[in-house]
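Right, one structure below, let's go through it.
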Amino acid sequence: MEQLLHYVWQYRMLPVEPLKTTDGDSVEVIDPGLHNTDAGPDFFNAKVRLSGTMWVGNVEIHQRSSDWVRHGHHTDPAYDSVVLHIAETVDSDVYTQSGRRLPQLQLSVPASVREHYDSLLSTQDYPRCWRIIPSLPSLKTHSWLSALLYERLTQRGNLCLQRLQAVGGDWERTTFITLARNFGFGINGDAFETWARHMPLHAAAKHHDNLFQLEALFLGSAGLLSSPEADDYLQRLRAEWDYLAHKFQLPAPMSPSLWRYLRLRPQNFPHLRIAQLAQLYHRQTATYSRLLEATSRQALHEALDTEPSEYWRNHYLFGMPSAPSRKRLSAASRDLIIINTVAPLLFATGMAHDKEALQERAMRIIDELKPEQNYITRQWQQCGITAQSAADSQALIQLKREYCDRRDCLRCRFGYEYLKSK
């Protein structure tokens with residue numbers, strides 16, 4: 001496997017015996033170079049000493065040396081700067097476009113590395129590298145978790161910037177869309193984002209001081225006023241939606257079939273979550289500027305504190321009364337909104353304006369929150385890694401989704417420790 005051969009070269013998992021080219025020249029690896037994931041040679045700016053002479057240039061790696069011609073490198077000037085060609089099987093000489101014959105190193109993947117890699121790919125255990133976890137120094141573990149958190153926030157930040165571009169650079173609308181998506185709490189995330197992208201905020205802005213009209217706009221545009229269980233409140237909302245839709249020439253509501261209810265707890269029903277969002281928009285506390293101004297968990301919790309209108313105290317759906325209860329957004333839910341909305345928006349702002357202090361603040365906000373409790377964190381805890389904060393739990397989620405689930409052990413630092421273990 002060529003990818004594994006790249007890995008062996010990059011991390012110097014080389015044989016203990018002296019390396020020699022196929023011509024008998026000694027090979028000393030000073031620097032394997034920078035791994036290139038784009039077009040061109042596999043490693044840039046490598047430093048190798050061949051029979052005492054230092055060479056600085058690029059390195060190309062193939063399974064078989066005849067792949068050099070098969071891939072067209074012999075006619076590509078981008079490969080003229082290659083100083084060493086590496087192959088597991090050397091079955092031909094290789095030449096650059098300029099006619100220079102390249103020195104070749106026949107390199108095999110060490111048996112232990114191949115065996116460990118095969119075991120990682122074949123096992124059904126999760127995480128696959130669980131045997132090595134307890135022996136890892138805490139410094140290595142926390143260093144990798146910090147890198148994973150930064151990677152996760154970068155991905156989330158890029159999603160925010162994509163939304164920002166889609167709405168013409170409007171940070172407030174980007175905030176509304178991001179916030180709405182995370183009010184779906186996973187199951188209805190896509191539906192909430194679809195709704196928020198089509199939500200007529202220009203109309204809502206003109207009526208933000210009237211909570212009833214906001215509920216009519218929010219629930220009407222979501223297609224949730226078509227319930228057959230009509231009661232007086234629903235009828236009033238329908239009449240208000242019809243009036244506002246005519247006044248602002250609003251598009252047709254989204255299809256109610258997009259909303260999911262299966263295995264959904266009543267407090268996560270879209271009717272209730274949208275009513276909570278209407279209250280937040282009415283209070284104007286969860287705007288872009290207000291969220292970024294908040295510098296503590298307490299301040300953010302106050303900004304995100306929301307309880308829908310009186311009707312929802314004894315309803316989860318229209319026309320179906322329930323036991324009275326306050327439908328206030330819980331502290332745990334507000335923490336999730338901070339993790340998935342506030343921190344990514346803050347990080348994205350730092351990316352957009354090249355302000356590392358904002359990115360560091362986003363990471364610090366997450367680090368101050370309690371760790372999430374879910375099946376991913378529980379699995380890692382069984383292996384010996386206990387999340388101490390939401391920063392750790394977010395890192396472990398990133399590790400599972402971007403590495404473990406994709407069997408991308410060659411990019412994982414835990415995978416590296418497993419592959420080089422005895």
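The values are calculated or read from the model by the stated rules, or taken from the named source; none is laboratory data. Since the model is a prediction, treat every value here as computed from it, not as a measurement. Don't worry about glycine lacking a Cβ; one is built from the backbone with ideal geometry, like all the others, and counts go over all protein chains shown. Side chains are part of the model used for accessible areas, which takes the heavy atoms of the whole protein and leaves out ligands, DNA and RNA. Shrake-Rupley method; radii C 1.70, N 1.55, O 1.52, S 1.80 Å.
Some notes on this structure:
- Y416 passes every criterion in (1) modelled with pLDDT under 95; (2) surrounded by fewer than 19 Cβ atoms within 10 Å (Cβ to Cβ) apart from (2).
- Restricting the range 393-403 to residues that are open to solvent by 20 Å² or more (accessible area, probe 1.4 Å) and touching a residue at least 24 places away in the same chain (Cβ under 8 Å), the residue that is farthest from D125 (Cα to Cα): E402
- Residues being touching a helix residue (DSSP H, G or I) at 6+ places or on another chain (Cβ under 8 Å) and in a helix (DSSP H, G or I) - total across the range 315-337: 5
- Top-ranked residue in the range 32-72 [being in a strand (DSSP E or B) and of a type in the set (G, A, S); ranked as farthest from the chain's Cα centre (by Cα)]: G57
- For the range 214-243, the tally of residues that are over 22 Å from T306 (Cβ atoms), open to solvent by less than 80 Å² (accessible area, probe 1.4 Å) and outside any loop (DSSP other than H, G, I, E, B) stands at 2.
- Some residue of the range 205-213 being within 19 Å of Q249 (Cβ to Cβ) and either open to solvent by less than 40 Å² (accessible area, probe 1.4 Å) or assigned to a loop (DSSP other than H, G, I, E, B) (or both): yes
Quick grid of which residues meet (1) in a loop (DSSP other than H, G, I, E, B); (2) more than 15 Å from the chain's Cα centre (by Cα):
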residue	(1), (2)
L345	no, no
A348	no, no
A352	no, yes
A357	no, yes
P371	yes, yes
A387	yes, yes
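- Some residue of the range 278-290 being outside any helix (DSSP H, G or I), of a type in the set (S, T, N, Q) and without any contact (Cβ under 8 Å) to a residue 24 or more places away in the chain: yes
- When L300, L345 are screened for being touching a Cys at 6+ places or on another chain (Cβ under 6 Å), among the aliphatic types (A, V, I, L, M), open to solvent by less than 10 Å² (accessible area, probe 1.4 Å) and under 18 Å from A391 (Cβ atoms), only L345 passes.
- Failed condition for P77, given (1) surrounded by 13 or more Cβ atoms within 10 Å (Cβ to Cβ); (2) under 38 Å from the mean Cα position of the chain (by Cα): (1)
- Filter result for T349 (in contact with a Ser or Thr (Cβ under 6 Å, 6 or more places away or on another chain), within 21 Å of T174 (Cβ to Cβ), at pLDDT 95 or above and not basic (K, R)): no
- Taken over the range 303-314, the criterion of being surrounded by 13 or more Cβ atoms within 10 Å (Cβ to Cβ) and either aliphatic (A, V, I, L, M) or not in a loop (DSSP other than H, G, I, E, B) (or both) is satisfied by A303, L304, Y311, W312, R313, N314.
- Answer from A391, A357, A362, A395 - the residue that is of a type in the set (G, A, S) and farther than 20 Å from D335 by Cβ: A357
- If you go through the range 122-163 and pick out every residue that is part of a helix (DSSP H, G or I) and open to solvent by less than 60 Å² (accessible area, probe 1.4 Å), you end up with 17.
- Restricting R101, R114 to those that are touching a strand residue (DSSP E or B) at 6+ places or on another chain (Cβ under 6 Å), surrounded by fewer than 19 Cβ atoms within 10 Å (Cβ to Cβ), over 26 Å from Y375 (Cα atoms) and not aromatic (F, W, Y) reduces the list to R101.
- Within the range 8-31, being open to solvent by less than 70 Å² (accessible area, probe 1.4 Å), free of Cβ contacts under 8 Å to residues at least 40 places away in the same chain and either over 15 Å from Q104 (Cα atoms) or part of a strand (DSSP E or B) (or both) holds for Q10, S26, V29, I30, D31.
- For the range 318-336, filtered to residues that are open to solvent by less than 40 Å² (accessible area, probe 1.4 Å) and of a type in the set (A, V, I, L, M, F, W, C), the residue that is farthest from G220 (Cα to Cα) is L329.
- Any hit, the range 247-261, residues being in contact with a helix residue (DSSP H, G or I) (Cβ under 9 Å, 6 or more places away or on another chain), hydroxyl-bearing (S, T, Y), open to solvent by 10 Å² or more (accessible area, probe 1.4 Å) and not in a loop (DSSP other than H, G, I, E, B): no
- Within the range 167-180, the set of residues being in a helix (DSSP H, G or I) and free of Cβ contacts under 8 Å to residues at least 24 places away in the same chain comprises I177 only.
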